[in-house]
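The values are calculated or read from the model by the stated rules, or taken from the named source; none is laboratory data. This one's a predicted model, so the numbers in the text were calculated from it and none came from an experiment. FYI the Cβ positions are ideal-geometry reconstructions off the backbone, even for glycines, and counts take in every protein chain you see. These accessible areas exclude ligands, DNA and RNA; they are computed on the full protein's heavy atoms, side chains included. Shrake-Rupley method; radii C 1.70, N 1.55, O 1.52, S 1.80 Å.
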Amino acid sequence: MSTPTLHPNIHDAVLQQDVESLYTGHHRWLRSWLRRQLHCSDSAADLAQDTFMRVIAARNASQILEPRVYLATVARRVMVDYFRRSALERAYLEAIAGMPEPVQISVEERTIVIETLCEIDAMLDALGEKPRQAFLMSQLDGLTYQEIAERMNLSVSSIKKYMARAIEHCLLFSLS
């Protein structure tokens, strides 16, 4: 006999109730915890909201056994993304600061470029250290596989494998 399933609307209502309970019971604590980590009330409020958005997206609020531990773990991941995005944004702004005025771009274009840089960074981060290093040496430095192999103290066949993995990863990422 199969287990009865809840009607999707009932399941969504239960999920919403679980998230609301988690939010009302722990949002203030999470915001305070983030404020201590970041030393900024505004950023703490933003990241607390981002944390709860991830909880909602995970759709597992009813399964959380230790809410504060879980929320702190999710919040740490949100902070890593926040710091990574901030670093990319600073680097980008520094790079364009030296450009002549006519070359500078609009706020909308800058936002799109920063979001794209964040996506590329996430894609590269998922590659693994050696494939990422080989890929960047090839694409940014224009090195041949032989030169990359020599710099990384690896065989050319290893570099070919890393490059194939990196290119496949980029293609799959672009399709998602």
Inset, instruction - With a 1.4 Å probe and every protein chain left in place, work out the accessible area per residue of the chain in Å², rounded to a whole number. - result: 69
Inset, instruction - Compute the distance in nm between two label points, each set 7 Å from the Cα along the Cα-to-Cβ direction, one at R36 and one at L175. - result: 4.7
Inset, instruction - Would you mind computing, in nm to one decimal, how far apart the modelled labels at R59 and W29 are, each placed 7 Å from Cα along Cα→Cβ? - result: 2.7
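Tell me the net charge near A91. Cut-off is 12 Å between Cβ atoms, A91 excluded, with +1 for each Lys or Arg and -1 for each Asp or Glu.
Values: positive: R84, R85, R90; negative: E89, E94, D121.
Overall, the nearby charge balance is 0.
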Inset, instruction - Rounded to the nearest 10 degrees, what's the angle between the helix 67-97 long axis and the longest principal axis of the chain, both from Cα atoms, 0 to 90? - result: 40
Inset, instruction - Sort the following peptides by mean Cβ neighbour count (other Cβ atoms within 10 Å, averaged over residues), highest first: 60-67, 155-162. - result: 155-162, 60-67
Legend entry - the chain, helix-only ellipticity at 222 nm - DSSP H runs n ≥ 4, -39,500 (n - 2.57), divided by all residues, nearest 500: -27000 deg cm²/dmol
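Considering only protein heavy atoms and a 1.4 Å probe, what is the carbon-and-sulfur percentage of the accessible area of region 39-176? Kindly include the intermediate steps, with their values, before the conclusion.
Details: 5030 of 9100 Å².
Looking at region 39-176 in its full context, I get 55 percent from C and S.
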Inset, instruction - Taking the chain as the reference, fit the longest principal axis to its C-alpha atoms, fit the long axis of helix 156-175 to the helix C-alpha atoms, and give the angle between the two in degrees, 0 to 90, nearest 10. - result: 50
Inset, instruction - Post the alpha-carbon centroid distance, region 27-72 to region 77-129, in whole angstrom. - result: 24
Inset, instruction - Any chance you could give the angle, 0 to 90 degrees and rounded to 10, that helix 41-58 forms with the longest Cα principal axis of the chain? - result: 80
Inset, instruction - Work out, step by step, the length gained on full extension between I120 and S21: first 0.36 nm times the residue separation, then minus their alpha carbon distance; give nm to one decimal. - result: 32.0 nm
Inset, instruction - Scan region 55-107 for chymotrypsin sites (Phe, Trp or Tyr not before Pro) in coil per DSSP, keeping those whose Cβ has at most 10 other Cβ atoms within 10 Å, and list them by number. - result: none
Legend entry - Spin-label model distance (nm) - K130 vs R110, 7 Å beyond Cα toward Cβ: 4.1
